[in-house]
1. As I understand it, the value is the acute angle between the Cα axis of helix 201-217 and the longest principal axis of the Cα atoms of the chain; what does it come to in degrees, rounded to 10?
2. Quick one: helix 35-46 against the long Cα principal axis of the chain, what's the angle to the nearest 10°, folded into 0 to 90?
3. Any idea what diffusion coefficient segment 57-106 gets from Stokes-Einstein, in µm²/s, Kirkwood Rh on alpha carbon pairs, 4 °C, 1.567 mPa s?
4. For a Förster distance of 41 Å, can you work out the FRET efficiency between the beta-carbons of ILE69 and THR113, rounded to the nearest 0.05?
5. Mind putting a number on the dipole of segment 32-96 about its Cα centre? Charges go on the C-beta only, +1 for Lys and Arg and -1 for Asp and Glu, and I need it in Debye to the nearest 20.
6. Between rounded, prolate and oblate, where does the chain land on the alpha carbon gyration tensor, with a ≥ b ≥ c its root eigenvalues, rounded for a/c under 1.5, else prolate if a/b exceeds b/c?
7. Residue-wise, which Karplus ³J(HN,Hα) couplings in Hz belong to segment 83-95, taking 6.51 cos²θ - 1.76 cosθ + 1.60, θ = phi - 60°, and x for glycine or proline?
8. What trypsin sites (Lys or Arg not before Pro) in segment 53-114 are in a loop by DSSP, with at most 13 other Cβ atoms within 10 Å of the Cβ?
Amino acid sequence: FTPKVLAGKQVLLTAGPTFEAIDPVRGITNLSSGRMGYALARAARQAGAAVTLVSGPTGLPCPVGVARIDVTSALEMHGAVLSRAAASDVFIAVAAVADYRPAAPETRKIKKTAAGGEAMTLALTRNPDILSDVAALPAPPYCVGFAAESHDLAQYAEAKRVNKKLPLVVGNLIGDGFGGDSNKVILFDASGAHPLATTSKHGIARDIVARIAAALAG
Ligand code: C5P
């Protein structure tokens, strides 16, 4: 980026999945490679921002110059983000956070015999919505959400933007970007829907960063 459009800005991001323990060897998680979030962290850094990336389990290397905080569960991610959000100028929630976690994770491995044979029931409890909580702060950073949908993308993405009180939502259809290195996305803001050219996740990340910088400047 020339000029460095995010120079002097603090950017906080989440990326990757969360993992919610059932017992010491099992858990529930979401499918997320973490690539889009890592590409955005890298692009924000290249635009001159001080970048903190709160990451669920991904195997990806930390982008150069980015401070990474490793977390596992949604509750850990929530704590790591909320303790830093008020000091941030921008928050980009890319993580695929598990909506529910086991209500009472076992400290010892669950045995088939003890669990009851042919069927078992797992009680789940709702995780906090990290992005909604940040957007509801008294002086929130500029908040960007992601909406990955299998159908009716425009309706769901715009509803998410309004309900979570976000200036910007990045929508993509599941199948267009999952696991791969390229992605096809549509940006939703107060002025409407803006499709971006299909390109690499890094190219899309740079476009999104440029939009955020323009919004902060305007
Ligand atoms: O409501 P939904 O989960 O589809 O919203 C997706 C957006 O909200 C993403 O930006 C995601 O990172 C964020 N989110 C969050 N905390 C949750 C659930 C979603 O920050 N518990």
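1. 60 degrees
2. 40 degrees
3. 100 µm²/s
4. Between ILE69 and THR113 the formula returns 0.55.
5. 180 debye
6. Note, shape of the chain comes out prolate.
7. Along segment 83-95, the couplings run 6, 10, 5, 5, 8, 9, 8, 9, 10, 10, 9, 9, 4 Hz.
8. ARG108, LYS109, LYS111
Every number here is computed from the coordinates shown, using simple stated rules; none is lab data. These numbers were taken from a predicted model, which means no experiment stands behind them. All Cβ positions, glycine included, derive from the backbone under ideal geometry; neighbour counts span all protein chains shown.
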